Amino acid sequence: EAGVTQFPSHSVIEKGQTVTLRCDPISGHDNLYWYRRVMGKEIKFLLHFVKESKQDESGMPNNRFLAERTGGTYSTLKVQPAELEDSGVYFCASSQAGRRSEKLFFGSGTQLSVL
Amino acid sequence: DQQVKQNSPSLSVQEGRISILNCDYTNSMFDYFLWYKKYPAEGPTFLISISSIKDKNEDGRFTVFLNKSAKHLSLHIVPSQPGDSAVYFCAASARFRNDYKLSFGAGTTVTVRA
């Protein structure tokens, strides 16, 4: 069974540009999360989807970040326009359908560098 | 503000010895705690967890201890093996508040020396 897949694995962009990160959760996982780790610091929660609905987006830094999950399958996280402080590793995670659990399955992350 | 703190960024231990990783939290609402392990270029993977109604949970070489009064937990790895070299993240959630999102610490990099 395929795990959580994230694309791209690395992205280098200039300040002011737009970047879109993609996450494909494990098939059948209704819960999808985005997290971010900046500069070796803690991994911070960004938002949580249940199917296509945003359950909790309290961790989104500002309105330059837009997450979508059309159809309840894969999700995208768009940063527009990107700023220097957006650099970091963006992790996507998923968990089983209909189950509230902290035992998340993480993807390998997207390393975003904003220059 | 950071609610889960891992004050030791790194730990070096000899193979066969015990590794002890520490974690402190400030939010008294946290009632479920987890440890995740992360290898380079991979995402974190779940290792072990403990509910606040317990003070110890053991799974093979891994044991997690919880001291609620001190808001402190620790992970013991005995005996340490070279494959244990990784970054370990402490995480917490507030289940009774129906808040399952995880608050993570900054991680401790463990290096097991042969």
If I ask for residues that are within 11 Å of the chain's Cα centre (by Cα), more than 21 Å from A:Ser53 (Cβ to Cβ) and either among the aromatic types (Phe, Trp, Tyr) or modelled with pLDDT under 95 (or both), which ones from region A:83-115 would you list? A:Phe106
Take the residues of region B:1-17 that are in a strand (DSSP E or B) and within 13 Å of chain A (Cβ to nearest Cβ): which is farthest from A:Cys92 (Cα to Cα)? B:Ser10
For B:Asp31, are the conditions met, namely being at pLDDT below 95 and surrounded by 14 or more Cβ atoms within 10 Å (Cβ to Cβ)? yes
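How many of the residues making up region A:39-55 are within 22 Å of B:Tyr36 (Cα to Cα) and open to solvent by 30 Å² or more (accessible area, probe 1.4 Å)?
Adding up the residues that qualify gives 4.
List the strands (runs of 3 or more DSSP E) that sit entirely inside region B:18-69 and contain at least 3 residues that are aliphatic (A, V, I, L, M). Spell out the reasoning first.
On the way: elements: B:19-25, B:32-38, B:45-51, B:56-59, B:62-67.
The strands (runs of 3 or more DSSP E) meeting that bar are B:45-51.
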Failed condition for A:His48, given (1) in contact (Cβ under 8 Å) with a residue 24 or more places away in the chain; (2) farther than 27 Å from A:Lys15 by Cβ; (3) touching a Lys or Arg at 6+ places or on another chain (Cβ under 9 Å), with all others met? (1)
Residue that is surrounded by the most Cβ atoms within 10 Å (Cβ to Cβ) [pool: residues in region A:24-33 that are on the phi < 0 side of the Ramachandran plot and more than 11 Å from chain B (Cβ to nearest Cβ)]: A:Leu32
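Which members of region B:99-114 meet the condition of being closer than 22 Å to B:Asp1 by Cβ and either in a loop (DSSP other than H, G, I, E, B) or open to solvent by 10 Å² or more (accessible area, probe 1.4 Å) (or both)? Reasoning before the result, please.
Here is the first cut: in region B:99-114, the residues closer than 22 Å to B:Asp1 by Cβ are B:99-108.
Of everything in region B:99-114, those that are closer than 22 Å to B:Asp1 by Cβ and either in a loop (DSSP other than H, G, I, E, B) or open to solvent by 10 Å² or more (accessible area, probe 1.4 Å) (or both) turn out to be B:Asp99, B:Tyr100, B:Lys101, B:Ser103, B:Gly105, B:Ala106, B:Gly107.
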Members of region B:70-82 that are in a loop (DSSP other than H, G, I, E, B), open to solvent by 50 Å² or more (accessible area, probe 1.4 Å) and within 22 Å of B:Tyr39 (Cβ to Cβ): B:Val78, B:Pro79, B:Gln81
Filter result for B:Ser74 (in contact (Cβ under 8 Å) with a residue 40 or more places away in the chain, more than 25 Å from A:Gly59 (Cβ to Cβ), more than 14 Å from chain A (Cβ to nearest Cβ) and touching a Cys at 6+ places or on another chain (Cβ under 8 Å)): yes
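Quick grid of which residues meet (1) more than 11 Å from chain B (Cβ to nearest Cβ); (2) within 24 Å of B:Phe30 (Cβ to Cβ):
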position: A:Glu57; (1), (2): no, yes
position: A:Thr76; (1), (2): yes, no
position: A:Glu85; (1), (2): yes, no
position: A:Ala93; (1), (2): no, yes
position: A:Leu104; (1), (2): no, yes
position: A:Thr110; (1), (2): no, no
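Out of A:Ala82, A:Ala93, report the one residue that is crowded, with 20+ Cβ neighbours inside 10 Å and part of a loop (DSSP other than H, G, I, E, B). Give the steps one after another, and end with the answer.
Values: A:Ala93 fails: part of a loop (DSSP other than H, G, I, E, B).
After applying the criteria, what remains is A:Ala82.
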Condition check for B:Ser85: more than 11 Å from every other protein chain (Cβ to nearest Cβ), surrounded by 15 or more Cβ atoms within 10 Å (Cβ to Cβ) and touching a helix residue (DSSP H, G or I) at 6+ places or on another chain (Cβ under 8 Å): no
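Looking only at region A:1-23, count every residue that is hydroxyl-bearing (Ser, Thr, Tyr), in contact (Cβ under 8 Å) with a residue 60 or more places away in the chain and more than 10 Å from chain B (Cβ to nearest Cβ) and tell me the total. Quick ask: steps written out before the conclusion?
As a first pass, look at region A:1-23 and keep what is hydroxyl-bearing (Ser, Thr, Tyr): A:5, A:9, A:11, A:18, A:20.
Adding the requirement that they be in contact (Cβ under 8 Å) with a residue 60 or more places away in the chain leaves A:5, A:9, A:11, A:18.
If we keep only those that are more than 10 Å from chain B (Cβ to nearest Cβ) too, we end up with A:5, A:11, A:18.
Going through region A:1-23 one residue at a time, the tally reaches 3.
The values are calculated or read from the model by the stated rules, or taken from the named source; none is laboratory data. As the structure is a computational prediction, the values presented were derived from the model and not from experiment. Here the Cβ is made from the backbone with ideal geometry for all residues, glycine too, and neighbour counts use every protein chain on show. Side chains are part of the model used for accessible areas, which takes the heavy atoms of the whole protein and leaves out ligands, DNA and RNA. Shrake-Rupley method; radii C 1.70, N 1.55, O 1.52, S 1.80 Å.
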